[in-house]
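The values are calculated or read from the model by the stated rules, or taken from the named source; none is laboratory data. This is a predicted model, so every value here is computed, not measured. Note: ideal-geometry Cβ built from the backbone for every residue, glycine included; neighbour counts use all protein chains shown.
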Amino acid sequence: MQDPRTLYLGHPGLLNDPRLKGLNLVVSLTGFAEAGYTAQQVSDEILSELGAEEIVEFDVDQLYDYRSRRPRVRFIEDHFEELEMPELKLYAVTDGLGHPFLLLSGPEPDLQWNRFSEAVAQIAEKLEVSLFASIASMPMPVPHTRPLPVTAHGSREDLVQGISAWKPIAEIGASASHVLEMTLTERGIGTVGYTVNVPQYLSEAELPQAAVTAMEHLGAATKLNLPTDRLREASRDVERQIDEQVAASQEVQAIVHHLEQRYDENVGAETQRSLLARDESEIPDADELGAAIEAFLAEQDEK
């Protein structure tokens, strides 16, 4: 493996600042599943609402496949401008009560996951990180009318126990955050991750309620005061739109009712079961939810 330190450019003063040692590290990487655009909303809200200072910038040219995820650029009459290149950075952030923490934010790397994880682990050890806390989201057969379930994982049993109603055993595609969690756990750093289960029929829409759920769990685990007011207000508007679309279709109402029954059965069951264990034929896909939900998703894409 090439030297992981050549993957990033760090701010010397901040990397050696004793005030940044022993903090929580919040990780919000976009790209893995990203149902409801949860990680993107969490990162955007933290960076826009709280004071943040850049500590480390990773070399995206070494980590990203631009042909797979092409950056956006604007063509205006006879020239290009506003090229949007990906950025993967570590920030020092201060929460609403003046408590500092670290935030690793940006798109998930396409390449060199082991080297990237080693680089983050070295930085975490240098800064004596006390807790690694990550968030993600997955599309799942759950109704939007119930609290969004969360799957908890990590080495900190006190922050994992009692969170997940279901205890799935499943083989899934890995993410860079998974590799980070495992790497830091091996280094003796406490880890916890929260994956929000987003209704699969709304997974392609921007759901602020999913971001609120993620922030609530992050805040509880890290004892940080994270900004959710704007997201909660947006959630109310989105929920109203969804309810209007569902009310317009008896077919959609029937499917949502079916998901509600399954949800309630699982939450109340003495034996914890995984939604993933159900027969896939029982799980409705986006097509089955009819024109009403498709119309809603189209409206969200236009925003």
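Test of understanding: among 48, 43, which residue is among the hydroxyl-bearing types (Ser, Thr, Tyr), crowded, with 17+ Cβ neighbours inside 10 Å, at pLDDT 95 or above and closer than 26 Å to residue 100 by Cβ?
On the way: 48 fails: crowded, with 17+ Cβ neighbours inside 10 Å.
After ruling out the rest, the residue left standing is 43.
Can you find a residue that is at pLDDT 95 or above, surrounded by 21 or more Cβ atoms within 10 Å (Cβ to Cβ) and either assigned to a strand (DSSP E or B) or charged (D, E, K, R) (or both) anywhere in segment 63-85?
Taking every residue of segment 63-85 in turn, none turns out to be at pLDDT 95 or above, surrounded by 21 or more Cβ atoms within 10 Å (Cβ to Cβ) and either assigned to a strand (DSSP E or B) or charged (D, E, K, R) (or both).
In segment 191-210, how many residues are closer than 9 Å to residue 38 by Cα and among the acidic types (Asp, Glu)?
Qualifying residue count, segment 191-210: 1.
Residues being in a loop (DSSP other than H, G, I, E, B) and of a type in the set (Asp, Glu): count how many of those fall in segment 88-146.
If we filter segment 88-146 for residues that are in a loop (DSSP other than H, G, I, E, B), which is where we start, we get 88, 95-99, 108-112, 127-130, 141-146.
In the following step, the residues that additionally are of a type in the set (Asp, Glu) were identified as 95, 108, 110, 128.
Number satisfying all stated conditions: 4.
Scan segment 207-215 and tell me whether some residue there is in a loop (DSSP other than H, G, I, E, B), surrounded by 21 or more Cβ atoms within 10 Å (Cβ to Cβ) and in contact with a Phe, Trp or Tyr (Cβ under 8 Å, 6 or more places away or on another chain). Write out each step before concluding.
Of all residues in segment 207-215, those in a loop (DSSP other than H, G, I, E, B) come to 207.
Keeping just the survivors that are surrounded by 21 or more Cβ atoms within 10 Å (Cβ to Cβ) gives 207.
Then keep just the ones that are in contact with a Phe, Trp or Tyr (Cβ under 8 Å, 6 or more places away or on another chain); that gives 207.
Looking through segment 207-215, at least one residue is in a loop (DSSP other than H, G, I, E, B), surrounded by 21 or more Cβ atoms within 10 Å (Cβ to Cβ) and in contact with a Phe, Trp or Tyr (Cβ under 8 Å, 6 or more places away or on another chain).
Since residue 162 meets every condition but one in (1) touching a Gly at 6+ places or on another chain (Cβ under 8 Å); (2) more than 21 Å from residue 32 (Cα to Cα), which condition does it not meet?
Against the list (1) touching a Gly at 6+ places or on another chain (Cβ under 8 Å); (2) more than 21 Å from residue 32 (Cα to Cα), residue 162 comes up short only on (1).
Condition first: in contact (Cβ under 8 Å) with a residue 24 or more places away in the chain and either among the hydroxyl-bearing types (Ser, Thr, Tyr) or surrounded by fewer than 15 Cβ atoms within 10 Å (Cβ to Cβ) (or both). Now tell me which residues in segment 231-240 satisfy that. Reasoning before the result, please.
Looking only at segment 231-240, we keep the residues that are in contact (Cβ under 8 Å) with a residue 24 or more places away in the chain, and these are 231-232, 234-235, 238-239.
Those that are in contact (Cβ under 8 Å) with a residue 24 or more places away in the chain and either among the hydroxyl-bearing types (Ser, Thr, Tyr) or surrounded by fewer than 15 Cβ atoms within 10 Å (Cβ to Cβ) (or both): 232, 235.
List every residue pair whose Cβ atoms lie under 6 Å apart, where the two residues are 6 or more positions apart in sequence or sit on different chains, the first residue falls within segment 178-196 and is in contact (Cβ under 8 Å) with a residue 40 or more places away in the chain and in a strand (DSSP E or B), and the second residue, located anywhere, is polar (S, T, N, Q) and crowded, with 24+ Cβ neighbours inside 10 Å.
Here the result reads 193/134; 196/38; 196/137; 196/213, each pair linking segment 178-196 to a residue that is polar (S, T, N, Q) and crowded, with 24+ Cβ neighbours inside 10 Å.
Does at least one position in segment 255-262 carry a residue that is assigned to a loop (DSSP other than H, G, I, E, B) and either closer than 25 Å to residue 104 by Cα or of a type in the set (A, V, I, L, M) (or both)?
The first filter runs over segment 255-262 and keeps only residues assigned to a loop (DSSP other than H, G, I, E, B), leaving none.
Checking segment 255-262: not a single residue is assigned to a loop (DSSP other than H, G, I, E, B) and either closer than 25 Å to residue 104 by Cα or of a type in the set (A, V, I, L, M) (or both).
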